[in-house]
Amino acid sequence: MTFMDAMKLSGPMAFNIMIKPAGSLCNLDCHYCYYLDKAEIYGGSEPRMSLDMLETCVREYIAANDVPEVTFNWHGGEPLVMGLDFYRKAVELEQKYAGDKIIHNTLQTNGTLLTQEWASFFRDNDFLIGISIDGPQDIHDKYRKDKGGAPTFDKVMRGINLLYRSNVQYNTMSTINKACEGRGLEVYNFLKSIGSRYMQFMPVVEHVKYPLGKNGKPMKAARPYIVDPSEEGAVIARWSVGSLAFGKFMCDIFDYWVLNDVGRYFVNLFDAALACWCGEMPGTCVYGETCGGNSIIEHNGDLYPCDHFVYSKYRLGNVFENDLREMMTSPEQTRFGIEKRNSLPNKCLKCKYRFACNGECPKHRFNVTESGDTGLNALCDGYYKFYSHVEPYMEKMKELLKQKQAPAGVMPWARMRSVAGK
C-alpha cells in the first residue's frame, strides 16, 4: 500500500455504485453480454429488487458518501424491465434521504423499451440516459439481437428519437467488436448523426465455454457461456476485437476528431488520455492506477467490487446485512483495488505509457509477456499504437491548458501538421 492509498482510505468517503435492480434480466440476448450468465449465481430465476431493498440501497448509498453530490447509476441487464413506478419510488426515496446533498441519476438502457411516458419522466427528473448502440445498422444488428434472434436497431432508433424530441440528455455506449474492425470513423460519424456528443467506446474481449453435447464435445452452434478467463477450457470469443484492430479503430476516430471536433464532441478514451497527460485522474476507472471506486449492488443487495467481477469469490457482503461504508473500506475491497497496480508485469512497469494506461482493466489481463510474465493486457499492442499516435497532440493540448487556453486550440496546429505530412 502506498501513501496515496492510505490518504484515499483515511479521507472523506467518495465512491460510485452501479445499482442493478433487475440483475441480469434483459429483453435482449446480445452475443457478447457478460452479464446474462450471472443469473446462474442466483439460481437462474428472474431477479427483481424489492422496494424494501431499494430503500435500503438509497439510504445507505447517500449516507456512506461524504461528498455534497451523489450520483445513482441504474444498470442491468435492462433496468427498464422494472417498470416506471419503481423509478418514481426511487426518486421519492432519494428526496427523502438526500438531506443537503444534491442527487443525480443516470440510467443505461438498450433503448428498445422506451416510450413517451419514460421520456417525460427522465426529462422531468433530469436523468442522464446512456444508450447502448454499436453503430450503423449492420454493425449494431450483428451481435445485438432480441430473445427471438431478431435485429434491434430500428427499435433502438425509435427510442433515441423519443429522447431527442423530449429534450432528454443522452450519451452513447458502443462496444468495439469484431464487426467494427476497420470502421472506426464510420461508427463515429454515425453516432454524431444521431445526436451523441459524449461517446463511450468499450472494447469487447471475452472468454467463453460452449455447452457440451451428448458426445461430450462442445456445441459450437449453441450460445456459449461467458466465463472467467482462468476457467479451464475457456477460449476467446469469436466476436472479440483484435488488439491492433482496436488501436486502429481509435486512431482513425482521433485523426478526424483532432482536426475538427475538439471541444464539441467527447470520447471517453481521449478525455482520459488528456487527463493522464496532465497528471490528473482519468475519470474512467479502467485507466486509473487502482480499482475499487466503482462497485455494484445486485438486485438482492449483494455488493461486488466491480461490474466485471461478479463472481461468488468476489462478493463483499450484502447491504441489508452489512454496513455499506465498512464494506467499501474492507480489507477485501482495498486488496482488490491495489492489486490492479501491484499485479502489473515488468513490461508494463517499464512502459512509457504506463501513466496513461495503467494496464487498463484487469478483466483483460490474461496474456503472457515475451519474458513469460502473466497479467499482460490482451489489448496492449492496440493501446501502445494509440498512445504513441496521439502523443504529440496530447503534449500540445497539455501545453495549451498550462497557458489557460482551451484544448480546442490544438485543431489549427493539427491541421498545419497534417498539411506538412507529419
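Between L349 and D228, the distance separating the two model label sites (each 7 Å from Cα on the Cα→Cβ line) works out to 2.5 nm. Taking amide H positions as modeled 1.01 Å from N, with prolines and chain starts lacking one, the residues under 5 Å from E206 and 5 or more places away or on another chain are A237, S240. Projected onto planes of every orientation and averaged, the convex hull of the alpha-carbon atoms in segment 147-195 covers 4.3 nm². Expressed as a fraction of 2.2 N^0.38 Å, the C-alpha radius of gyration for segment 260-300 is 1.50.
Kirkwood's formula applied to the C-alpha pairs of segment 336-375 gives a hydrodynamic radius of 10.4 angstrom.
Rg/Rh for segment 33-98 (Cα atoms only, Rh after Kirkwood) is 1.01. Segment 317-392 and segment 267-290 have Cα centres lying 13 Å from one another. With the convex hull drawn over the C-alpha atoms of segment 279-395, the volume per residue is 119 Å³. Across segment 55-64, computed HN-Hα scalar couplings (Karplus, 6.51 cos²θ - 1.76 cosθ + 1.60, θ = phi - 60°) run 4, 4, 4, 4, 4, 5, 5, 5, 5, 6 Hz from first to last residue, x flagging Gly and Pro. Over the residues of the chain, the helix contribution to mean residue ellipticity at 222 nm works out to -11500 deg cm²/dmol, using -39500 (n - 2.57) for each DSSP H run of at least 4.
Past the 17 angstrom mark, what percentage of all C-alpha to C-alpha distances in segment 28-68 do you count? Tail of P(r) above 17 Å: 57 percent of Cα pairs. The modelled label-to-label distance between K313 and R238, using points 7 Å beyond Cα along the C-beta direction, is 3.0 nm.
As an equivalent ellipsoid, segment 356-422 spans semi-axes of 33, 14, 8 angstrom, where each value is the square root of five times an eigenvalue of the C-alpha gyration tensor, largest first.
Backbone phi angles across segment 300-309, fed through the Karplus curve with coefficients 6.51, -1.76 and 1.60 (θ = phi - 60°), yield HN-Hα couplings of 9, x, 5, 10, 10, x, 7, 4, 8, 10 Hz in residue order; Gly and Pro are listed as x. Above 26 Å, the calculated P(r) of segment 1-138 contains 33 percent of its Cα-Cα pairs. Taking θ as phi - 60° and the Karplus parameters 6.51, -1.76 and 1.60, the scalar couplings of segment 96-110 work out to 5, 9, 5, x, 9, 8, 8, 10, 10, 10, 10, 9, 9, 9, 7 Hz in sequence order, x denoting glycine and proline. From largest to smallest, the equivalent ellipsoid semi-axes obtained for segment 177-253 from the alpha-carbon gyration tensor read 33, 13, 11 Å. Note on R335 and A420: the extension gain reaches 25.6 nm, defined as 0.36 nm multiplied by sequence separation minus the Cα-Cα distance.
Accessible surface area normalised per residue over the chain is 46 Å², counting heavy atoms of protein chains with a 1.4 Å rolling probe. The figure for V235 is an accessible area of roughly 70 square angstrom, using a 1.4 Å probe on the protein chains alone. Sorted largest first, the principal axis extents computed over the alpha-carbon atoms of segment 220-338 equal 53, 44, 24 Å.
Temperature 37 °C, viscosity 0.692 mPa s: under these conditions the Stokes-Einstein estimate for segment 83-210, based on its Kirkwood radius over C-alpha pairs, is 205 µm² per second. Of the solvent-accessible surface of the chain, computed with a 1.4 Å probe and all protein chains present, 52% belongs to carbon and sulfur. With Cα atoms as the point set, segment 61-104 shows a radius of gyration and Dmax of 11.5, 32 Å. Its residue count N fixes a reference of 2.2 N^0.38 Å for the chain, and the Cα radius of gyration divided by that reference is 0.98.
The values are calculated or read from the model by the stated rules, or taken from the named source; none is laboratory data. Keep in mind it's a predicted model, so treat the numbers as computed, not measured. No Cβ is skipped: glycine too gets one built from the backbone with ideal geometry, and neighbour counts run over all protein chains shown. SASA here: full protein model, heavy atoms, side chains in, ligands and nucleic acids out. Shrake-Rupley method; radii C 1.70, N 1.55, O 1.52, S 1.80 Å.
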